[in-house]
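Engineer: One structure follows; several queries about it will come next.
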Amino acid sequence: MTFWEIVLRLCAATIIGGVIGLNRDLHGKATGVRTLGLVALGSALIVLGVIDLVPQSNPDLNPVSRVVQGVLTGIGFLGAGVILHDLSGGHRVHNLTTAAVTWLTACVGMVCGTGNWRLLVVALALLFLLLMFGGAIERMFHRQMGHDDSTTPDN
């Protein structure tokens, strides 16, 4: 892998993670540009590090698979740290979307590390569609079903 391919993959992960973080920050959530930029960069970095160790003549993907499993397990703990349980407001759980976005940002970073750009483009389009319009769609359905908007999750 050339130096410029490494730069491209790490920069793509960092920028995409930062943009995802900007969405969370603009919604006043626990993660932001720096946090999710770092999550994506770290994920891409570790995948690139392992891919670089795998000999090209006999590519064994087991080490890469183990790294992916470790990152996803570890990021689960980070995501769990942003989830809050509010006992005073009717036992509601907050920030589940932010935890899910943190997990997905790690996945984005790993895909940047592998350089699978077509997969990344489709996933990012779906991710931003969900983040931009998902809450409005949920509120619309809650209103149509006669549910109180105050019980609609705002993650």
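Throughout, read-outs are computed from the coordinates displayed, never taken from laboratory work. All of these numbers come straight from a predicted model, not from anything done at the bench. Note: ideal-geometry Cβ built from the backbone for every residue, glycine included; neighbour counts use all protein chains shown.
Engineer: What's the extension gain from Arg118 to Asp52 if we count 0.36 nm per residue and subtract their Cα-Cα distance?
Structural biologist: Full-extension gain reported as 21.6 nm.
Engineer: Say we join alpha carbon atoms closer than 10 Å with springs in a Gaussian network model of the chain; which of Ala12, Ala125, Ala99 then has the biggest fluctuation?
Structural biologist: Residue with maximal mean-square fluctuation among Ala12, Ala125, Ala99: Ala125.
Engineer: In a GNM of the chain with a 10 Å cut-off on Cα contacts, which of Leu127, Leu84, Leu22 has the highest mean-square fluctuation?
Structural biologist: Leu84
Engineer: Using a Gaussian network model of the chain whose springs link C-alpha atoms within less than 10 Å, name the residue from Gly74, Gly21, Gly42 with the highest mean-square fluctuation.
Structural biologist: Residue with maximal mean-square fluctuation among Gly74, Gly21, Gly42: Gly74.
Engineer: At what distance in nm do the modelled label points of His27 and Phe77 sit from each other, each positioned 7 Å from its Cα along Cα→Cβ?
Structural biologist: Distance between the two pseudo-spin positions: 2.6 nm.
Engineer: To continue, here is another question. For region 136-146, what does the Karplus curve 6.51 cos²θ - 1.76 cosθ + 1.60, with θ = phi - 60°, yield as ³J(HN,Hα) per residue in whole Hz, taken in order and with x for Gly and Pro?
Structural biologist: Here the 3J(HN,Hα) series is 5, 5, 4, 4, 4, 5, 5, 5, 5, 8, x Hz.
Engineer: Pick the calculated Cα extents along the principal axes in Å for this structure from (1) 50, 34, 25; (2) 47, 30, 27; (3) 61, 28, 25?
Structural biologist: Looking at Cα extents along the principal axes in Å for this model, the match is (3).
Engineer: How much mean residue ellipticity at 222 nm does the chain get from its helices, if each DSSP H run of length 4 or more adds -39500 (n - 2.57) and you divide by all residues, to the nearest 500 deg cm²/dmol?
Structural biologist: -25500 deg cm²/dmol
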